[in-house]
Amino acid sequence: MRLITTFILGVAFWFGATATAAAQCAGSDLFAALARDEPQRHAQILAKARAVPNGRGKFWRVERPGSPPSWLFGTFHDTGAGADALAPPVERALTGARLMLVELTDAEEAKMQTRMTTDPGFILSPDDNGVIAQLTEDERAAAAKRLAERGLNFEIAARLKPWMLFTSLALPACMIREAQAGKPILDDMLAQRAGAAGVPVQGLETYGEALGALIDLPQSDMVAMVLDLLRSPYDEQDVWRTSAGLYRAGEIAAIWEFSQAEAQKTIGARQSAAVFPRFERELLVDRNRAWMKSLVPEMEDGNVFAAFGALHLVGDAGIVELLRARGFTVTRLD
């Protein structure tokens with residue numbers, strides 16, 4: 001979700017965290033380690049992911065008789081992916097499009113950043129959010145390091161609204177430093193390529209519409225997700241590299257399935273089973289349906305390159321199936 005990346009950079013600015021060293025992200029692939037150490041569990045997660053409709057692939061062609069084809073490209077909001085070379089068919093589709101559609105335009109991101117820096121009540125709660133109080137002493141010691149890397153301490157973290165605290169912890173600190181140092185995430189790189197080719201860029205939503213996906217979640221769910229991040233036994237770079245590896249392999253649904261499986265270890269199977277479907281509905285499904293009002297008429301005219309988080313493509317309520325239900329032929333190309 002590109003919104004999260006934008007918010008994290010805003011948090012770093014708001015609290016004075018600076019890019020003192022643009023260290024390259026590293027980390028280990030946890031899913032590959034799972035295949036080695038727990039092959040049965042690895043196979044179960046992968047089988048579940050591959051049973052999800054359209055769970056594999058990042059690049060899709062959208063067609064309707066009488067119009068030129070359009071294109072869907074699933075992104076990963078990551079500076080490392082932003083440095084990857086585009087496959088030639090993706091490059092041709094992007095630079096030859098009449099229009100590029102993205103989640104948020106630069107103008108919307110600027111509006112959001114302005115609000116963050118001028119309206120403290122936007123992200124700060126008048127009361128303690130209760131998150132830090134639920135950590136054990138050992139967990140607090142680990143959390144202190146993660147918060148400090150983002151220019152936060154326990155006093156500030158306890159005042160952040162839970163959805164804001166979640167966004168501030170959702171990316172590894174090394175990637176925040178890379179982005180602050182000017183290294184673009186994949187979405188921004190694509191938009192820059194479009195601009196250089198003279199392709200206009202249009203947003204699918206406003207920052208307020210995108211933000212509603214987080215704000216509308218029950219506070220208890222957001223607290224659970226924050227605790228999942230803070231209690232994870234894995235290094236944050238390992239978690240991110242694992243997702244990036246699955247993305248590059250085109251195993252998009254596996255990113256979500258692996259995340260759910262790991263969350264069961266930290267917030268419990270019952271709570272994970274309750275929280276993740278609501279999280280998926282708000283951040284993915286509801287937004288997918290809202291995007292149809294822009295996607296459908298533009299793709300009826302054809303030659304559109306639409307780029308957004310790859311998880312929006314998958315599932316019965318993913319963009320691929322929603323377009324098929326409206327009469328388009330959608331074909332995976334990678």
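The values are calculated or read from the model by the stated rules, or taken from the named source; none is laboratory data. Since the model is a prediction, treat every value here as computed from it, not as a measurement. Don't worry about glycine lacking a Cβ; one is built from the backbone with ideal geometry, like all the others, and counts go over all protein chains shown.
Taking helices (runs of 4 or more DSSP H) as the structural unit, those lying wholly within the range 126-216 and holding at least 2 residues that are more than 21 Å from the chain's Cα centre (by Cα) correspond to 137-148, 154-159, 186-196. Exactly one residue out of ASP238, ASP301, ASP334 is in contact with a strand residue (DSSP E or B) (Cβ under 9 Å, 6 or more places away or on another chain), under 24 Å from GLY57 (Cα atoms) and surrounded by fewer than 21 Cβ atoms within 10 Å (Cβ to Cβ): that is ASP334. Taking helices (runs of 4 or more DSSP H) as the structural unit, those lying wholly within the range 1-116 and holding at least 1 residues that are modelled with pLDDT of 85 or more and surrounded by fewer than 14 Cβ atoms within 10 Å (Cβ to Cβ) correspond to 30-37, 39-50, 88-95. Can you tell me which residue is farthest from ILE132 (Cα to Cα) among those in the range 153-199 that are in contact with a Ser or Thr (Cβ under 6 Å, 6 or more places away or on another chain) and acidic (Asp, Glu)? Out of the qualifying residues, it is ASP187.
When every residue of the range 259-273 is checked against the conditions, at least one turns out to be assigned to a helix (DSSP H, G or I) and modelled with pLDDT of 85 or more.
Cβ-Cβ contacts under 6 Å between residues 6 or more apart (or on different chains), taken from a first residue in the range 39-56 that is without any contact (Cβ under 8 Å) to a residue 12 or more places away in the chain to a second residue that is in a helix (DSSP H, G or I), are listed as HIS42/LEU34; HIS42/ALA35. Screening ASP127 on (1) over 28 Å from GLY27 (Cα atoms); (2) touching a residue at least 60 places away in the same chain (Cβ under 8 Å) shows it passes everything except condition (2). How many residues does the range 144-175 contain that are basic (Lys, Arg) and either within 15 Å of ARG231 (Cα to Cα) or at pLDDT below 85 (or both)? Counting residues in the range 144-175 that are basic (Lys, Arg) and either within 15 Å of ARG231 (Cα to Cα) or at pLDDT below 85 (or both) gives 3. Taken as a whole, the structure leaves ARG278 outside the set of residues that are touching a helix residue (DSSP H, G or I) at 6+ places or on another chain (Cβ under 9 Å), exposed (fewer than 15 other Cβ atoms within 10 Å of the Cβ) and modelled with pLDDT of 95 or more. Selection of the range 48-72 for residues being touching a strand residue (DSSP E or B) at 6+ places or on another chain (Cβ under 8 Å) and within 17 Å of ALA253 (Cβ to Cβ) yields ASN54, ARG56, GLY57, LYS58, PHE59, TRP60, LEU72.
Could you please tell me which pairs satisfy a Cβ distance under 6 Å, a separation of 6+ or placement on different chains, a first residue in the range 193-205 that is closer than 12 Å to PHE305 by Cβ and among the charged types (D, E, K, R), and a second residue that is at pLDDT 95 or above and not in a strand (DSSP E or B)? As it stands, the answer is ARG193/LEU94, since those pairs meet every condition given.
The combined condition, being charged (D, E, K, R), surrounded by 21 or more Cβ atoms within 10 Å (Cβ to Cβ) and out of contact with any Gly (no Cβ under 8 Å at 6 or more places or on another chain), is fulfilled by ARG177.
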